[in-house]
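Since the structure comes first, as structure tokens, the remarks are kept for the end.
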Amino acid sequence: MNKISVLLVDDHEVVRAGFKILLASQADIGEITDINRGELVAQEYARVTPEVVVMDLSMPGIGGLETIRRLVKQDPHAKILVYSIHDESIYVERAMQAGAKGYVTKNSAAEILAVAITQVARGETYIEQNLLPDLNDTKYDTTSHYKDMIDLLTPREFEVFQRLAKGMTVHDVSENLHLGYKTVANYSTQVKTKLKANSAAEIANIAMVLGIIKP
């Protein structure tokens, strides 16, 4: 079988270097091209035509979820594997809704990551074990209502929601996402409306229930 070419998208240089080292000994993985921003993905994807895109979620600028959405719009057949520090099920669900085909955490062994890349390259789905919620767990019932509300958010609104939940001001979010203040203020209003939240504290509470931030 031909080796699988990979485009890695992560804003941390150390992570990208470690990723290459992790996969260097894996027989099925071939050339790895790496970039540090979601804004560069469309052009680089067209240039190198990778078989699998490995994407971080938490990046400055447009962020991973919006990058996934744009890439899938550019190529509906794009095979995207999320490689993230986040192990909460809400992130898995949002990534898959945006168009990702797989999800693994950054503490995965090289073998798991290689298996995930191989499976996604074959057109299959791969989600790391224990990342999705147990539907029989009583905790699931207490969060399902909020998850339904979160599903109403667009990828960009979700990016803003994450940052507001962590205590960032609209000005902070504007700088972090490289968006205009008025644009972020509009997103903030939309988030509060869809989540029926009147304050930053209520937004933070929803994020805590979903495991997006820790108490």
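Candidates in segment 155-201 are the residues that are out of contact with any helix residue (DSSP H, G or I) (no Cβ under 8 Å at 6 or more places or on another chain) and either under 18 Å from G38 (Cα atoms) or assigned by TED's automatic domain parsing to the domain that holds L65 (or both); of these, the one that is modelled with the highest pLDDT is E175. Within segment 59-72, being free of Cβ contacts under 8 Å to residues at least 40 places away in the same chain and either closer than 22 Å to E124 by Cβ or in contact with a His (Cβ under 9 Å, 6 or more places away or on another chain) (or both) holds for L71, V72.
Please count how many residues of segment 36-72 are in a strand (DSSP E or B) and surrounded by fewer than 19 Cβ atoms within 10 Å (Cβ to Cβ). Steps first, please.
Of segment 36-72, the ones in a strand (DSSP E or B) are 52-55.
The next check asks that each one be surrounded by fewer than 19 Cβ atoms within 10 Å (Cβ to Cβ); those that pass are none.
Count: 0.
I need the full set of residues from segment 97-125 which are assigned to a helix (DSSP H, G or I) and under 21 Å from T49 (Cα atoms), in order please. Walk me through it before giving the result.
Taking segment 97-125 as the starting set, the residues that turn out to be assigned to a helix (DSSP H, G or I) are 97-98, 110-121.
Within segment 97-125, A98, L113, A114, V115, A116, I117, T118, Q119, V120, A121 meet the criteria.
Selection of segment 67-105 for residues being of a type in the set (D, E) and out of contact with any Gly (no Cβ under 7 Å at 6 or more places or on another chain) yields D75, D87, E93. For segment 81-93, the condition of being farther than 28 Å from N2 by Cα, within 10 Å of the chain's Cα centre (by Cα) and part of a loop (DSSP other than H, G, I, E, B) holds for at least one residue.
Residue pairs whose Cβ atoms lie under 6 Å apart, separated by 6 or more positions or on different chains, with the first residue in segment 187-215 and farther than 20 Å from E93 by Cα and the second at pLDDT below 85, are P215/M208. Confirm whether E31 is surrounded by fewer than 16 Cβ atoms within 10 Å (Cβ to Cβ), in the same structural domain as A114 (by TED's automatic domain parsing) and within 18 Å of L113 (Cα to Cα). Judged against the criteria, E31 is a match.
The values are calculated or read from the model by the stated rules, or taken from the named source; none is laboratory data. This structure is a prediction, so every number in the text was calculated from the model and none was measured. In this analysis, Cβ positions are derived from the backbone assuming ideal geometry, glycine residues included, and neighbour counts consider all displayed protein chains.
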